[in-house]
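**Student:** First the structure, which I've put down as structure tokens, then a few questions once you've had a look.
Just so it is clear, none of the values below were taken in a lab; they were calculated from the coordinates. All values reported here derive from a predicted model rather than from experimental measurement. Neighbour counts run over all protein chains shown; Cβ positions are idealised from the backbone, glycine included.
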Amino acid sequence: MLGLIGVLTVREPDPDARIDQVAFDNEFLALSFQWLQEPEMAHLTQVPVFDRDGQRKWFEGLGGRTDYAVWGIRYNDIPVGALGLKDIGVNDGAEYFFYIGLKEYWGRGIAWWAYQTVSREARDRGLRYLYGTIANHNTRSLSVHVGLGMQIAEVRESTYWVVADLNE
């Protein structure tokens, strides 16, 4: 399948751009609700349908969790997305995720930055692996992740599972 879609060359961010990993706070909570309700984004990320009350409960439960970490992404001080780790420590790894909620920021090197950032976070936690799940119709994301060096480990139903060994 991958040969049919090709692999995107993943670019680094513009050297003049400032991308920051920041606290996932109420601002990012509200923006994420908007971003993930947008039909194309919901389709690409396959995030289950949720409402504001459910999202608020999830957010309020983050404080005591050691298996989940989430941060906001700012690009030149503009909130543009989120990234994080889930299931931290399971099988010496974690599930990695990120999304750029503002489409005008796609293709600006944020994927490269996000991958480097979560890889560092995972290594700092003593993890050996990162994995991600990508809907089979999200060929752009699959291509980017393979371009970042992740390997397709498995295809389950309508999802690609990609993995990276952090010790390589």
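**Student:** Could you sort the peptides 38-50, 141-153, 55-67 by per-residue average Cβ neighbour count (10 Å cutoff), highest mean leading?
**Tutor:** Listed from highest to lowest mean packing, they are 141-153, 38-50, 55-67.
**Student:** Rounded to two decimal places and with Rh computed the Kirkwood way over Cα pairs, what is Rg over Rh for the range 30-121? Don't jump to the answer; show the numbers that get you there.
**Tutor:** Details: Rg = 13.5 Å, Rh = 14.1 Å.
Result for the range 30-121 is an Rg/Rh of 0.95.
**Student:** How big is the charge dipole of the chain about its Cα centre, in debye rounded to the nearest 20, if each Lys and Arg gets +1 on its Cβ and each Asp and Glu gets -1 on its Cβ?
**Tutor:** It works out to roughly 80 debye.
**Student:** Further question: Among the trypsin sites (Lys or Arg not before Pro) within the range 86-168, which fall in a DSSP loop and have no more than 16 other Cβ atoms within 10 Å of their own Cβ?
**Tutor:** Of the trypsin sites (Lys or Arg not before Pro), the ones in loops of the range 86-168 whose Cβ has at most 16 other Cβ atoms within 10 Å are ARG125, ARG128.
**Student:** A follow-up question, please. Considering the dipole of the range 18-70 built from charges on the beta carbon (Lys and Arg +1, Asp and Glu -1) around the Cα centre, which of SER32, THR66, PRO48 is farthest to its positive end?
**Tutor:** THR66
**Student:** Give me the Kirkwood hydrodynamic radius of the chain in Å, from all C-alpha pairs, to one decimal place? Let's see the in-between values first.
**Tutor:** Working: mean 1/r = 0.0608 Å⁻¹.
Radius from the Kirkwood sum: 16.5 Å.
**Student:** Under a Cβ-Cβ cut-off of 14 Å, what is the net charge of the residues other than ARG18 that fall near it, where Lys and Arg count +1 and Asp and Glu count -1? All intermediate terms of the calculation are to be shown ahead of the outcome.
**Tutor:** On the way: positive: ARG74, ARG108; negative: GLU12, ASP14, ASP16, ASP20, ASP77.
That works out to -3.
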